[in-house]
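Below you'll find the structure, written out as structure tokens, and then a few comments.
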Amino acid sequence: MNEPRPRTIAGPTFSIPRLKTARLLLREPRRADFEVLSADAEDPIAMAHLGGATTPREIWRNFLSGAGSWLISGTGWWTVEHPARGPVGTVGVFRREIRPELEIGWVIVRQHWGQGFATEAAGAALRFAQRSWPGERVIAFIDEGNRASIGVAEKLGLSLDAPADFYGEPTLRYTT
């Protein structure tokens, strides 16, 4: 008896670029990354400057949209992987639905804070953006109380542009 063959869906193909730094690999998100990233996103301390802890359902939706953004816009989020520690966070270069600017963002899992991973990963992402879209301004929205991310932005050469409105919330906009 013939077994049914699995259906294949023909459609666009794409690949998420991989970036290497001295210590890290920025790579495509994988299902196995979700557990680590989800646990951090449920941590109110880790998410204090990012709108607060999130539900697993919302985390899953964000995880999928960050990966899927590569297909739609050629921008998106990478998993930041350390060879000995596994996933240590995420970094992205992306466009929001309400703004034309290219934006950069980073989230490092709390247990890995203070080790320079955000600066290293975001630096690689920024260089990627500058090579891929030469001359285009790159922005980062950062909560004014998030001293660590402000420090990362400044190390990357971003400077405070202006206070900004971020979906109805006051924030700071840094730019290249």
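Out of all the residues in segment 114-123, is one or more touching a Ser or Thr at 6+ places or on another chain (Cβ under 6 Å) and modelled with pLDDT under 95? No, segment 114-123 has no match at all. For segment 95-108, the criterion of being modelled with pLDDT under 95, assigned to a helix (DSSP H, G or I) and either among the polar types (S, T, N, Q) or surrounded by 15 or more Cβ atoms within 10 Å (Cβ to Cβ) (or both) is satisfied by no residue at all. Of all residues in segment 151-169, those satisfying the criterion of being over 16 Å from residue 98 (Cα atoms) and not small (Gly, Ala, Ser) are 152, 154, 155, 156, 158, 160, 161, 163. Screening segment 69-86 for residues that are assigned to a helix (DSSP H, G or I) and under 15 Å from the mean Cα position of the chain (by Cα) and picking the one that is surrounded by the most Cβ atoms within 10 Å (Cβ to Cβ) gives 70.
Scanning segment 134-176 for residues that are out of contact with any Ser or Thr (no Cβ under 9 Å at 6 or more places or on another chain), surrounded by 14 or more Cβ atoms within 10 Å (Cβ to Cβ) and over 17 Å from residue 117 (Cβ atoms) turns up 166, 171, 172, 173.
Exactly one residue among 66, 89 is within 12 Å of the chain's Cα centre (by Cα), under 17 Å from residue 27 (Cα atoms), modelled with pLDDT under 90 and crowded, with 19+ Cβ neighbours inside 10 Å, and that residue is 66.
Within segment 110-168, the set of residues being in contact with a strand residue (DSSP E or B) (Cβ under 8 Å, 6 or more places away or on another chain), farther than 21 Å from residue 19 by Cα and not in a helix (DSSP H, G or I) comprises 141, 142, 143, 144, 159, 160, 161, 162, 163, 164, 165, 166.
The values are calculated or read from the model by the stated rules, or taken from the named source; none is laboratory data. Source: prediction; values computed, not measured. A quick note on method: Cβ atoms are made from the backbone with ideal geometry, for glycine too, and the neighbour counts reach across all protein chains shown.
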